[in-house]
């Protein structure tokens with residue numbers, strides 16, 4: 001019930017990383033709020049997802065928490081309702097173990113055998129490998145549905161006995177493979193080292209200091225809690241019976257609101273609650289034995305697209321899908337929680353929110369270049385071209401006939417509704433190549449540009465053409 005969310009989240013993070021940019025403002029304008037509402041309501045309507053909670057962090061502050069739709073057949077969605085965040089919980093488990101290391105109670109390089117006997121390869125698997133999915137332990141829940149055994153309550157030790165004592169899928173440290181089993185083992189180690197239940201430790205050391213209300217998802221069922229929903233192909237949306245108790249534990253047992261999860265994201269941005277070196281350790285990509293990267297730290301996916309680092313994890317439980325992505329350099333974060341385990345509403349909402357409230361462009365420089373390209377486009381459609389912005393070759397290209405064609409054809413389209421950078425910049429022929437997409441209500445245009453790399457905004461090329 002987890003692998004789908006992890007796979008989808010990688011493409012989502014790549015898309016979002018292309019639109020995030022530094023943001024100083026800490027409030028949303030009325031226009032941005034309207035755009036946010038449209039993104040969420042459209043995604044819910046298109047997919048049939050009953051409800052969503054969202055939270056937006058901008059400028060290091062929570063600027064919006066809102067709920068949409070119905071969290072059950074009988075209740076509208078509430079901003080304080082705890083949705084099941086599933087595998088997003090893994091970063092909290094990893095944080096607990098890092099804090100226990102700070103307390104001198106264990107080491108990330110301790111072997112599993114030191115703490116938990118009988119686990120396959122336990123004398124070779126380290127705690128770090130458990131948390132980075134490089135242990136080789138077979139995942140006990142790779143399916144995107146609950147299987148027959150999940151109708152019966154279980155315990156973490158029973159999961160270990162059934163799955164963590166099978167032969168390893170690979171030698172520790174040689175591959176990356178998502179494993180909920182590894183996190184169950186890690187949770188049991190955390191409890192042994194802490195001398196108390198994992199939830200108790202998290203409440204005392206993380207949740208209470210941050211003012212987060214979190215509960216075990218096995219207890220987040222019933223009338224006042226969000227109900228999970230499922231859909232078979234394009235059939236009716238139906239309530240999804242939850243699995244029996246005990247099937248998640250340290251791999252994904254938490255339920256909380258989007259606003260509370262955003263408090264954790266702000267703590268990450270501020271380097272609070274945990275020591276700064278613990279945050280850094282969690283966000284450092286673990287390497288395989290051959291030196292290749294996993295693009296995964298300790299409980300979080302990490303990466304960089306178009307110069308933008310992100311810290312991300314999604315979650316999938318029976319009837320729930322969620323997304324949490326943080327842009328450290330931009331002091332921004334987006335949280336999306338939904339009560340449906342079908343469709344891509346959680347992904348579409350997260351991507352749409354980034355486009356709605358974060359400036360276009362990969363960074364501050366690209367945002368400036370995008371504004372300059374928009375100004376050039378406007379001058380061409382209005383017939384007010386400034387030739388000082390062109391190289392000699394571009395000035396030759398824009399003959400009176402070319403300018404007349406540009407003006408007549410583009411002015412007829414009216415005012416564009418969108419102007420965005422369409423992918424990362426590239427170098428070609430001694431120039432910086434960028435592409436932009438111009439959106440109108442009924443069509444799109446593509447703009448291909450070459451510009452001088454010396455910081456001058458002179459164009460060698462600025463070609464406009466139809467787009468799909």
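None of the figures in this text is laboratory data; all of them are computed from the coordinates on show. What you are looking at is a predicted structure, and each value in this text was computed from that prediction instead of being measured. Virtual Cβ from ideal backbone geometry, glycine too; neighbours counted across all protein chains shown.
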In whole Å, what is the distance between the alpha-carbon centres of the stretch 281-339 and the stretch 83-119? 18 Å
Between helix 180-194 and the chain, what is the angle of the helix's C-alpha long axis to the longest principal axis, kept within 0 to 90° and rounded to the nearest 10? 60 degrees
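Sorting 284, 114, 369 on the 10 Å Cβ count, fewest up front, what's the list? All intermediate terms of the calculation are to be shown ahead of the outcome.
On the way: 284 12, 114 15, 369 21.
Least crowded to most crowded, the residues run 284, 114, 369.
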Quote the relative contact order of the chain in percent (integer), defining contacts as alpha-carbon pairs under 8 Å separated by 6+ residues. 21 percent
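Neighbour counts of other C-beta atoms within 10 Å: give me 101, 366 arranged from fewest to most. Present the calculation step by step, with values, prior to reporting the outcome.
Working: 101 18, 366 21.
Starting with the residue having the fewest Cβ neighbours, the order is 101, 366.
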Could you estimate the translational diffusion coefficient of the stretch 364-467 from the Stokes-Einstein equation, with Rh from the Kirkwood formula over C-alpha pairs, at 20 °C and 1.002 mPa s, in whole µm²/s? 154 µm²/s
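Please compute the contact order of the stretch 364-467 in relative form: average sequence separation of alpha-carbon pairs under 8 Å and at least six residues apart, divided by the residue count, as a percent. Can you show the working numbers first?
Numbers: 150 pairs, mean separation 22.8, N = 104.
That works out to 22 percent.
Tell me the relative contact order for the stretch 48-198 as a rounded percent, counting alpha carbon contacts under 8 Å between residues six or more apart. All intermediate terms of the calculation are to be shown ahead of the outcome.
Working: 204 pairs, mean separation 31.1, N = 151.
That works out to 21 percent.
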For the stretch 235-337, the Debye formula with one identical point scatterer on each Cα and no solvent gives log10 I(q)/I(0) at q = 0.20 Å⁻¹ as -1.14
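Output the direction-averaged projected area (hull surface divided by four) of the convex hull of the alpha-carbon atoms of the stretch 171-291, in nm².
Mean orientational projected area (the stretch 171-291, Cα hull): 11.0 nm².
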Computed over the chain: longest principal axis from alpha-carbon atoms vs helix 400-411 long axis, angle to nearest 10 degrees, is 50 degrees
Please give the peptides 322-330, 224-232, 236-244 ranked by average Cβ packing (other Cβ atoms within 10 Å per residue), highest first, as a rough proxy for protection. 322-330, 224-232, 236-244
State log₁₀ I(q)/I(0) for the chain at q = 0.08, 0.10 Å⁻¹ as given by the Debye formula over alpha-carbon point scatterers of equal weight, solvent excluded. -0.53, -0.77
For the chain, what is the calculated [θ] at 222 nm in deg cm²/dmol (nearest 500), taking -39500 (n - 2.57) for each run of four or more DSSP H residues and dividing by its residue count? -10000 deg cm²/dmol
Neighbour-count ranking [beta-carbon atoms within 10 angstrom, fewest first] of 263, 66, 90: 66, 263, 90
